[in-house]
Every structure is written in structure tokens, then in C-alpha cells.
Amino acid sequence: MEFFTSSDSKRPIRLSAKIRRWAYESMHGKYGDEAMKTPYIEIEEENFNKLDDLDKYDIMITEIAKKAPIRVCEEELISGSATLGAAISHVIPAYHKGEKIFSSVSHLTIDYETALRFGMNFYEQKVADRLEDKGLSKRQIRFLKSLSNVISAMRIYHRRYLEKVKNIKPDIYRNLQQVPFQPARNFYEAVQCVWFIFSFVRLCGNWPGIGRLDVMLGDYLKRDLENGTLTIDRAREILASFFIKGTEWILKDTPPSSGDAQHYQNIVLAGTDKQGKEVANEVTYLVLDIVEELGISDFPITVRLHENTPERLLRKISKVMRHGGGVVAVYNETLILKALTAYGYPAEDAQNFANDGCWEVQVPGKTFFIYVPFDSLALLQKKTLDGYRKNDFSSFESLYGAYVSDLEDQVKEIYASVSQSFGGPQIDAPCSEWKTATPCSVVSLFERGCIEKARSYYEGGPEYNVFSPHIGGVADTVNSLYAIKKLVFDEKKITFAEFMDVLRENWQDNDILRSYANSLHYYGTDNEEVDKIYVSLLHDFFLACRKWDKRGNCFFPAGVSTFGREIAWAQNRLAAAEGTLGGEVLASNTSPSPGTDTEGVTAIIKSYCKADLSEMVTGAALDLKISPQALSGEGGITALKALLRGFVKLGGYFLQIDTVSAQTLRNAQQNPKQYKTLSVRVSGWNARFITLTREWQDMIIGRTEQNV
């Protein structure tokens with residue numbers, strides 16, 4: 001059994017042959033194909049279409065709990081499975097007359113901590129107590145009863161598993177007699193508790209993140225190791241069961257798309273607690289052990305780094321990273337804590353940050369989150385420059401000022417759209433009266449604030465309601481502005497009007513000028529002149545968002561992302577001033593445009609970190625592809641550790657590194673069956689390379705391969 005690695009060092013073997021074989025079969029689609037045999041539960045209620053949405057929803061969740069196939073693998077050490085294939089498509093897998101009824105929820109990390117510490121019985125009592133309030137509206141009462149229905153459905157699902165494992169899995173049976181309805185008492189019960197809740201929530205079609213798994217489980221494992229009731233090897237196999245079961249949505253033959261495995265189940269590790277003490281523990285290292293050995297990429301992992309991150313942890317991260325797949329990324333905890341507290345989050349909530357299951361930062365278990373992306377390059381080309389018909393800018397300053405004005409209008413339009421969609425037409429007070437939305441009681445149960453407010457996740461229930469505009473194509477816009485500045489206003493190689501004609505004609509018959517434009521040092525080369533434009537652009541975007549922030553009861557923080565939209569955006573883009581033709585796929589996230597990052601990885605990080613990235617509250621991702629040869633041997637580990645330290649010191653936000661050669665990826669295009677487990681970092685998710693369309697594959701291959 002070979003699990004793909006980009007490194008010249010083989011993956012270590014720590015787990016038993018039985019567990020490794022199970023992982024291999026899972027990663028090759030055994031259980032995903034099984035799930036597709038029963039894609040959904042058919043609702044047979046005669047008057048179903050006459051019911052209101054919450055009544056429909058409650059019936060659907062109950063029927064899923066009663067009828068979804070129960071899977072218990074021979075090798076598993078924990079139980080619970082999302083066995084309905086339609087859930088892979090982001091819908092609730094209960095249909096009526098063969099038609100889907102409701103979509104599901106993603107981009108959130110739910111609260112597992114309460115169930116771990118107090119059990120689901122605590123939730124049941126909390127809902128019952130809330131229903132005693134005589135001041136509740138009919139709508140609030142109906143919502144709370146729907147939460148009670150979720151707990152009842154979980155009991156049904158739970159009983160079915162107890163019956164299934166009673167005579168074949170005594171350890172699991174013993175654990176399930178305790179969790180998740182009563183508090184977990186040890187590590188084994190704690191892992192089972194988190195997994196059971198996660199599996200039920202996604203059985204119902206939702207894609208929840210995991211959050212700070214080592215913080216949740218670390219104390220349990222520490223006690224068990226100290227009192228001798230558990231060995232580290234046994235703990236590793238229990239936790240490996242968690243990861244292997246998380247691959248149950250892999251298909252043997254996934255239809256090409258933007259990739260499989262993007263189910264937003266991110267795990268966050270390490271960092272500090274509210275006393276500033278490092279929280280990395282044995283669970284941290286076991287998680288990294290497992291992904292180092294098996295290369296499972298379905299739970300993208302982000303490690304919180306800071307100035308005092310232990311050398312042992314940096315070394316471990318580096319060893320895992322060099323196997324490739326982009327499974328492990330890093331946050332600069334120091335900068336993010338600054339960003340969150342400056343924005344106004346209480347220190348305790350800021351300290352506990354995780355993400356939405358992708359990489360956008362949020363407070364787990366307390367946050368409703370939506371990001372709203374837009375293409376900043378298309379805005380420049382089509383609005384500010386009017387499809388390159390504008391010819392009346394007399395200086396770079398006037399051009400930049402016009403662009404910032406258009407950027408402010410774009411942000412205002414996003415705000416108005418959010419206001420209308422969620423809180424009515426009053427642009428000055430959005431989200432004060434939330435509109436009735438699609439039922440989502442399963443995730444609402446696990447979001448703090450929903451019970452207290454008696455409001456669902458989609459109707460203002462969580463403690464924080466975040467709508468984050470995300471600027472995309474940053475490097476492309478910066479480069480275009482810089483090229484216009486240099487060619488027209490500084491060096492006067494061409495007039496503004498003439499340059500607009502050249503761009504409108506897609507550089508036709510202007511090869512010499514295009515070659516010169518291509519030769520300039522753009523964003524990502526540590527060029528102070530171009531980076532100054534980048535710094536200004538992000539700050540002006542931050543100011544544009546701040547104008548509309550915290551009106552009503554919702555947050556409106558800035559962020560940067562493309563998440564692969566550079567492919568879809570390409571067809572709407574014209575020729576760019578830095579020398580690219582219309583329709584080319586350009587920069588991802590806050591990364592340089594392909595081919596412009598000519599001065600090495602250090603120059604890229606320096607350019608990226610010149611902006612005050614704490615103003616991008618929900619995130620600003622930097623993607624890097626590093627040559628596997630550059631990370632070979634002990635020198636490669638040393639180099640990667642230094643790169644991570646430098647990233648933190650310079651003020652980066654979020655860094656995702658993939659280690660794979662372009663030639664390996666081309667080989668996988670030609671011989672896909674030989675590369676089933678080859679994972680690549682796409683954006684906030686990983687995907688097995690052969691599940692990407694050719695266009696997405698070419699985008700990944702086209703990223704510049706750097707050395708360190």
C-alpha cells in the first residue's frame with residue numbers, strides 16, 4: 001500500500017497494517033461508492049407539499065435518522081457515518097417525489113465543546129428551559145420545537161448504532177452508552193463524541209468544520225496517558241479512525257470538477273490559550289503523525305504559529321509539508337489576534353479563533369458567516385476604464401482616485417445586497433429584522449446564541465453575524481495599475497489614449513511594447529514601487545468596508561480571496577496592462593500573478609507582508625508551490641522552518657504551501673489511475689488532482705514552482 005508522497009523520503013509507518021489497509025480502501029472510493037447506492041431518503045408523507053417549511057424540515061431530519069443506512073466497518077474504532085450520497089452535493093438528503101427540497105449549510109464551525117463537556121442532554125434541557133419563556137413569539141416557539149426534534153432524531157440515530165454495535169464492537173458500544181448524550185469522561189469517549197456529532201450533522205447534508213481539535217481533546221489524552229489507561233499507540237489508532245472515516249465521501253470515479261474533498265471540515269491546531277501558553281499537546285502531534293503517514297487530505301489542517309512556537313512543532317510541520325498535498329497550512333496567530341481584537345471581538349473569543357471550515361477566520365460555534373467575492377481587475381477594466389474607452393486621465397493619481405471611488409461603490413452595492421437579502425430594504429440598519437429563511441435547525445442547535453435568541457442560524461441567531469466582502473484579483477489589479485503608471489505617466493512610452501487602444505485590441509501588433517510590459521518587476525518581487533500600490537489598494541478597500549461596518553447587528557469586515565474563481569473570472573476579463581491577453585487565468589487569493597514572481601519565495605512573502613494584513617479581518621491567503629527538491633534532506637527541513645518563522649515575523653496572515661513538481665502533475669494528467677491519492681492544495685481546500693477538470697489542473701500546474 002503506497003500513499004503518494006512528493007518527497008524523496010518515504011512516509012513513516014506507525015499504524016497497524018489493518019488500519020493502513022482500511023485507509024487505502026477508503027481513499028480509493030469504497031465507501032463513497034457505497035453511499036451513492038442510497039443517495040437520499042424518499043419522503044412519503046401524503047400532504048407533504050402542503051406543510052410549511054419547518055414541518056417539512058422536521059419530517060426530513062427524523063426520516064433520515066430512522067432510515068439512513070447504518071455502516072460499521074470491520075476496522076473502525078469509532079462509529080457514525082454519513083451514508084447518504086446526496087449529502088456530498090450540499091443538499092439535505094431527504095427528497096420528495098425524487099426532488100430535493102432544501103440545500104444545506106457550510107462555511108461554519110459548530111460547537112462541539114458543549115456536548116463534550118456537558119452532553120446532548122444539556123442541550124435538551126436548555127431548549128426546554130427556553131420554551132418556558134412566556135414572551136416568545138409563535139415563530140420562536142416553533143423554532144425551538146424544531147431544535148427539540150433534532151435532538152429526538154439524534155436519539156433515534158444513536159439507538160440504531162447502539163443496536164448495531166452491541167454484539168460486534170463492545171468498546172464502541174460502551175462509549176456510545178455514555179456519549180454524546182452525557183459528558184465524555186476519557187479520550188476514547190471524547191473522540192467518539194466529536195465524531196458522532198460531526199457525522200450526524202453531515203449525514204443531514206451539512207458541511208461543518210472541526211476547529212481546534214487538540215484543544216478539545218488534549219486534556220482527555222493527557223489524563224489517560226498519565227493514569228495508564230491508554231497508550232500513545234492506541235490513541236493514535238483511535239484518532240486515525242476519525243480521519244479515515246472522514247474519507248467516506250471519496251468516490252472511485254469522481255466526475256471532474258473543482259475537486260473532491262472540499263467539504264469544509266478544516267482542523268485547527270496549536271497556538272496559545274488566554275494565558276498566552278502554547279496549547280500544542282500530544283493530540284497535535286498525533287494528528288500530524290496520521291496525515292504524515294497516510295496523506296489524508298479531507299481534513300485540511302491549519303496550524304497557529306507565533307513568535308514562540310516550539311522548535312519541535314515547526315520541525316514536525318515541515319516534515320509533513322514536504323510530502324506534498326498542501327494538507328498543512330499555517331496562520332500567523334499574532335497578527336490574527338491583533339486583527340480580531342482591534343476589530344472589536346472580546347479577547348476570549350478572539351483567542352479561540354478557528355475558521356469556517358475553509359480558511360476564513362471566525363469564532364467557532366458562535367458565527368454565521370458569508371463572504372461576498374468580487375473581481376477587482378474586472379472592476380478596473382470595465383468600470384473605471386470603461387472597457388478601455390476612457391482616455392481622460394491626466395495622471396496616475398487621478399486614475400487611482402477614480403478606481404478607489406468605483407471600489408467604494410462596489411462595496412456599497414455588496415452591502416445593499418446583503419441588507420436587502422437578510423434584513424430588509426433599510427440600508428442603514430441591515431439585519432435588524434431578519435427574513436424567514438431556509439430551515440437549518442441541525443446546525444442552529446450547535447451555534448451559540450440560537451437557543452438564547454430563539455432564532456435560527458440563517459435568521460440572526462448566532463452571537464456574530466458576519467458578511468465579509470472579499471476582494472479578488474488583487475495582484476492583477478495592482479500590476480495593471482503599475483504598468484499604466486510606468487508606461488504612460490512615468491516613462492511616457494505611449495499616451496494614455498494610445499495604450500487604451502492597444503489593450504482594447506488585445507495587444508495585437510504590439511509585441512515590443514507587450515514584451516516590455518512583461519519585463520517589469522511586479523507584485524511579488526519585493527519592488528517597493530509596485531508594492532506601494534498594493535498596500536494602498538488593500539487599505540482603501542478596508543476603509544470602504546469600514547464605512548458600512550456594524551450598522552444594525554451584523555459585521556462587515558474585509559478579506560481577500562479568489563478560491564479558484566480566477567478561472568470563471570478569466571472569461572470576463574480583457575487584456576491586462578502588464579502584458580496578459582484577454583481570458584488568461586491570473587492570480588489566486590493574495591498571491592502573485594503566474595510567472596511574475598521571478599525573484600524567489602522570500603521576495604513574494606516580503607511583498608505580501610508589506611500591507612497591514614490585520615485590516616483583512618477574515619483573511620488574506622498566500623499560495624506557494626515549492627519544488628520538492630528544494631526541501632530534500634535535513635537542509636530542506638531547516639529551510640522550511642526558516643520560511644515559516646520569517647512569515648510570522650514579517651506579518652503574514654495565512655500561508656498554504658504545496659510541494660509537488662509540475663512534471664508529476666503532468667504525469668498524473670496522462671496516467672490518472674496511478675495517482676488516485678495525489679492531493680493538491682487548491683485554495684482553502686485540498687483535492688485529489690485527478691478529480692479536477694483539465695482547466696483546474698492546468699491552473700495548479702501553472703503556479704510558479706519556487707525554491708527556498
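The values are calculated or read from the model by the stated rules, or taken from the named source; none is laboratory data. Values in this document were obtained by computation on a predicted structure and should not be read as measured data. FYI the Cβ positions are ideal-geometry reconstructions off the backbone, even for glycines, and counts take in every protein chain you see. Note: areas computed on protein heavy atoms with side chains; ligands, DNA, RNA excluded. Shrake-Rupley method; radii C 1.70, N 1.55, O 1.52, S 1.80 Å.
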Original post:
Among (1) open to solvent by less than 80 Å² (accessible area, probe 1.4 Å); (2) in a loop (DSSP other than H, G, I, E, B), which single condition is Glu2 missing?
Top reply: (1)
**OP:** Scan His323, His306 and give me the residue that is under 14 Å from Val648 (Cβ atoms) and either out of contact with any Gly (no Cβ under 9 Å at 6 or more places or on another chain) or of a type outside the set (Lys, Arg) (or both).
**Re:** His306
Original post:
Can you tell me which residues in region 214-262 are open to solvent by 40 Å² or more (accessible area, probe 1.4 Å) and hydrophobic (A, V, I, L, M, F, W, C)?
Top reply: Val215, Leu225, Ile232
**OP:** Please work out which one of (1) surrounded by 13 or more Cβ atoms within 10 Å (Cβ to Cβ); (2) more than 29 Å from the chain's Cα centre (by Cα); (3) under 27 Å from Arg139 (Cβ atoms); (4) not hydrophobic (A, V, I, L, M, F, W, C) is the condition Asp58 fails and give its number.
**Re:** (2)
**OP:** State which residue pairs qualify: first residue over 25 Å from Asp214 (Cα atoms) and at pLDDT 95 or above and inside region 101-114, second residue open to solvent by 20 Å² or more (accessible area, probe 1.4 Å) and in a loop (DSSP other than H, G, I, E, B) in any location, beta carbons under 6 Å apart, and separation of 6 or more residues or different chains.
**Re:** Phe102/Thr438; Ser104/His90
**OP:** Quick one: count up the residues across region 589-608 that are surrounded by fewer than 23 Cβ atoms within 10 Å (Cβ to Cβ), assigned to a loop (DSSP other than H, G, I, E, B) and among the hydroxyl-bearing types (Ser, Thr, Tyr).
**Re:** 1
**OP:** Scan region 91-107 residue by residue and report those that are charged (D, E, K, R) and either in a strand (DSSP E or B) or open to solvent by less than 20 Å² (accessible area, probe 1.4 Å) (or both).
**Re:** Glu99
**OP:** Evaluate the following for Gly365: is it surrounded by 21 or more Cβ atoms within 10 Å (Cβ to Cβ), in contact with a His (Cβ under 9 Å, 6 or more places away or on another chain) and in contact (Cβ under 8 Å) with a residue 60 or more places away in the chain?
**Re:** no
**OP:** Those residues that are open to solvent by 30 Å² or more (accessible area, probe 1.4 Å) and assigned to a helix (DSSP H, G or I), I need them from region 392-401; list them, please.
**Re:** Glu397, Ser398, Tyr400, Gly401
Subject >> Any pair with Cβ under 8 angstrom, 6 or more apart, that starts in region 164-187 at a residue that is touching a residue at least 12 places away in the same chain (Cβ under 8 Å) and ends at one that is in a loop (DSSP other than H, G, I, E, B) and acidic (Asp, Glu) >> reply: Lys169/Glu76; Ile172/Glu76
Subject >> Looking only at region 87-100, and only at residues there that are small (Gly, Ala, Ser) and out of contact with any Gly (no Cβ under 7 Å at 6 or more places or on another chain), the one that is modelled with the lowest pLDDT >> reply: Ser89
**OP:** Inspect all residues belonging to region 76-90 and state whether any of them is part of a loop (DSSP other than H, G, I, E, B) and out of contact with any Ser or Thr (no Cβ under 9 Å at 6 or more places or on another chain).
**Re:** no
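So that you can scan it fast, the table gives a plain yes or no per residue for (1) touching a helix residue (DSSP H, G or I) at 6+ places or on another chain (Cβ under 8 Å); (2) open to solvent by less than 10 Å² (accessible area, probe 1.4 Å); (3) farther than 21 Å from Pro346 by Cα; (4) part of a loop (DSSP other than H, G, I, E, B):
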site	(1), (2), (3), (4)
Lys435	yes, no, yes, yes
Phe467	yes, yes, no, no
His470	no, yes, yes, no
Asn479	yes, yes, yes, no
Subject >> Any hit, region 66-75, residues being at pLDDT 95 or above, open to solvent by less than 40 Å² (accessible area, probe 1.4 Å) and not in a loop (DSSP other than H, G, I, E, B) >> reply: no
**OP:** Could you check Ser632 against (1) farther than 22 Å from Ile301 by Cα; (2) among the polar types (S, T, N, Q); (3) in contact with a Gly (Cβ under 6 Å, 6 or more places away or on another chain) and say which number it fails?
**Re:** (3)
